[in-house]
Amino acid sequence: VQLQASGGGLVQPGGSLRLSCAASGSIFSISRMGWYRQTPGKQRELVAIDTVGGPRYADSVKGRFTISRDTAKNTVYLQMNSLQPEDTAVYYCYVLIRAVTYWGKGTLVTVSS
């Protein structure tokens, strides 16, 4: 299974970005897709995940970020609005397939004026 993430970049505070992550390969049944992020010296933290019961978000991004998924394309998106400097991180997408987690390589989001 391969995950290809895109959409990161430099944006000013208050701006928006949309991340995409497409899964390919031996995909039989995706249970879950989502996004984590990591900054230097810190543990990777959950940002948003798309579950059977509905999306879950970190408190820090609720109301600003929206996760969505295109099941036909095996792609998950993260729409990020009202970005703040504290959102600066490497964003990693992941997919859960038959109890196995696969990670993408990460895409850097930098929020700075």
Check: If you go through region 92-109 one residue at a time, do you hit one that is surrounded by fewer than 20 Cβ atoms within 10 Å (Cβ to Cβ), charged (D, E, K, R) and under 17 Å from Val11 (Cα atoms)?
Finding: no
Notebook entry, point to check: Out of all the residues in region 98-113, which are assigned to a loop (DSSP other than H, G, I, E, B) and over 19 Å from Glu45 (Cβ atoms)?
Noted result: Arg98, Ala99, Ser112, Ser113
Note to self: Being touching a Leu at 6+ places or on another chain (Cβ under 7 Å), among the hydroxyl-bearing types (Ser, Thr, Tyr) and closer than 14 Å to Gly34 by Cβ narrows it down to one residue among Tyr94, Tyr77; which is it?
What the structure shows: Tyr77
Margin query: Can you find, within region 58-89, the residue that is surrounded by the fewest Cβ atoms within 10 Å (Cβ to Cβ) among those that are in contact (Cβ under 8 Å) with a residue 60 or more places away in the chain and under 15 Å from Cys21 (Cα atoms)?
Written below: Gln79
Check: Conditions: (1) open to solvent by less than 20 Å² (accessible area, probe 1.4 Å); (2) in contact with a Lys or Arg (Cβ under 9 Å, 6 or more places away or on another chain); (3) in a strand (DSSP E or B). Leu19 meets all but one. Number of the miss?
Finding: (2)
Next item on the list: Mind listing just one residue for me: the one in region 22-41 that is under 18 Å from Leu108 (Cβ atoms) and not small (Gly, Ala, Ser) and, of those, least open to solvent (accessible area, probe 1.4 Å)?
Entry: Trp35
Margin query: Could you tell me how many of the residues in region 20-75 are of a type outside the set (D, E, K, R) and within 15 Å of Val95 (Cα to Cα)?
Written below: 29
Checklist line | Selection from region 42-53 of residues that are open to solvent by 20 Å² or more (accessible area, probe 1.4 Å) and closer than 11 Å to Arg32 by Cα | finding: Asp50, Thr51, Val52, Gly53
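The values are calculated or read from the model by the stated rules, or taken from the named source; none is laboratory data. This one's a predicted model, so the numbers in the text were calculated from it and none came from an experiment. We place every Cβ from the backbone using ideal geometry, glycine too, and count neighbours over all the protein chains shown. Side chains are part of the model used for accessible areas, which takes the heavy atoms of the whole protein and leaves out ligands, DNA and RNA. Shrake-Rupley method; radii C 1.70, N 1.55, O 1.52, S 1.80 Å.
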